[in-house]
Amino acid sequence: MRTSRLKRDMPGISQKMLTQHLRELESDGLVERRDFGEQPPRVEYQLTDAGRGLMPVLMAAREFSISHVSEK
């Protein structure tokens, strides 16, 4: 997935924060970065096997948070 699509799918995130988080996820081995070496720059990210393995946990946490929204 290209960075521009990730940014579009996460309204409110700054380019700086998105880049920082992607670098952390790459460092943790959860995503891999593919640089095509083109001009203008073209970079894509994809989940690694470890990242895909984490998806059931993330989806369960998301479902929990949706079903336990506190009403104020």
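In degrees, nearest 10, range 0 to 90: what is the angle between the Cα axis of helix 49-67 and the longest Cα principal axis of the chain?
Taking Cα atoms only, the helix is inclined about 40 degrees.
Out of these labelled values of Cα extents along the principal axes in Å, (i) 61, 28, 25; (ii) 76, 38, 9; (iii) 49, 28, 16, which was calculated from the coordinates shown here?
Correct label is (iii).
Pairs of Cα atoms under 8 Å, at least six residues apart: use those to get the relative contact order of the stretch 24-63, whole percent. The partial results should precede the final answer.
Numbers: 34 pairs, mean separation 13.4, N = 40.
Reported as a whole number, the value is 34 percent.
Remind me, relative contact order of the chain in percent, using alpha carbon pairs under 8 angstrom and six or more residues apart? Show your work: numbers first, answer last.
Working: 49 pairs, mean separation 18.8, N = 72.
It rounds to 26 percent for the chain.
List every residue whose amide H lies under 5 Å from the amide H of T48, counting only residues 5 or more places away in sequence or on a different chain, with H placed 1.01 Å from N in the peptide plane.
The list, which skips near neighbours in sequence, is V31, E32.
Read the figures in this text as sums done on the coordinates, not as results from a lab. Please read these numbers as outputs of a predicted model, since none were measured by experiment.
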